[in-house]
Amino acid sequence: MSPAAIIAIAAVVLVALFAVALLTAARKSDVRGAGALSRETRRRDKDAEIDGPAPTGRQVERAATEAREASLVKPESTAPVTWVAPDAEQIGVNRRQFLNRATVTLMSAGLGTFAAGAFVAFLWPTAAPVFGGKVNVGKIDDIIASIRSNAGFFYSSSARSYLTQYPPEALPKAKGVPQYAPLLGGMSEGVVAMYQKCPHLGCRVPQCASSQWFECPCHGSQYNRVGEKKAGPAPRGMDHFAVTVSAAGDVVIDTSTVITGAPIGINTSGQEAEGPHCITGGGGSH
């Protein structure tokens, strides 16, 4: 055989071997060219075609809803309850009980508040001036100014007293009157306090600006400006209260003790009526 034939045969064999090798490699890689599917992919597609088509989104949602509704427990059907009218007598009893309890509660609260207030008042007595004790009626300078501007008199309702000026020149005579001994402190400060009640029958004795006396409208008893009796059925002069003046100038009237008025005939101030009387309308001179 010629060399050319041998070469041709060898070339054919090589081409055949190359083709076999290429075919074997293509089968192993499962390559079918551009766009070809692999064997595994084709197998999954066949399995999916056997199982059926894939569910849509609405089908998935419907299945989830049905599963949720199936999991809910349906309530047992019960018969409706028959309405029964309330007992009128029982309602009346409850109303009476409410009113009784409310009344008792309010009364208890009121009594408790009153008791608490009384207890607090007992522990902390009021600082306001009260008749029957020592009553602060103001500053001495203010009282003197009020006496001079108010027709010679100053009235304190809290002390139930009149205050007037006591003349300093009358002090020597006042020291000789036993009833005036508790009053000398206030008299030396220039003031004297008269209890507003008439010693006769207890009427309130008003001041008389025209006569500058105290004149009782009940039975006509009359007293000069410092409370000494001048006329009428009264058995003595007007009763007094002791007066003290503190270092700060506070005038305090001690209403806890009534000092009996001076006897008839005592006239330490020497004051006579300075104008017409408010009771009789006559007498007096300026």
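Using the Cα coordinates of segment 208-278, the gyration tensor eigenvalues translate into equivalent-ellipsoid semi-axes of 24, 15, 11 Å, sorted from longest to shortest.
Take the Cα of LEU23, step 7 Å toward its Cβ, do the same at ALA145, and the gap between the two points is 14.3 nm.
Of LYS139/LYS173; LYS139/LYS230; LYS134/LYS173; LYS173/LYS229; LYS134/LYS197, which ones are farther than 25 Å apart at the Cα? The pairs that break the limit, which is 25 Å between Cα atoms, are LYS139/LYS173; LYS139/LYS230; LYS134/LYS173.
Label-to-label distance for ALA5 and THR113 is 14.4 nm, based on points extended 7 Å past Cα in the beta-carbon direction. Taken along its three principal axes, the alpha carbon spread of segment 134-259 comes to 41, 31, 28 Å, from the longest extent down to the shortest. Centroid-to-centroid, using Cα positions, segment 193-272 and segment 138-163 are 14 Å apart.
The simple Förster model, with R0 at 25 Å and r as the Cβ-Cβ distance, assigns GLU169 and LYS134 a FRET efficiency of 0.30.
Residues whose amide H lies under 5 Å from that of PHE154, counting only those 5 or more places away or on a different chain, are LEU163; hydrogens are built 1.01 Å from N in the peptide plane.
Using the average count of surrounding beta-carbon atoms within 10 Å as a protection proxy, the listed peptides 188-196, 63-71 rank, highest first, as 188-196, 63-71. Counting only Cβ charges, +1 for Lys and Arg and -1 for Asp and Glu, the dipole size of segment 171-286 around its Cα centre is about 260 debye.
The relative contact order of segment 134-259 comes to 27 percent, based on Cα pairs under 8 Å that sit 6 or more residues apart. Between amide H atoms placed 1.01 Å from N, distances below 5 Å from ALA193 occur with PHE241, all of them 5 or more places distant or on a separate chain.
Every number here is computed from the coordinates shown, using simple stated rules; none is lab data. Small disclaimer: the values here were computed from a predicted structure and weren't measured. For neighbour counting, all protein chains shown are included, and Cβ atoms are generated from backbone atoms with ideal geometry for every residue, glycine included.
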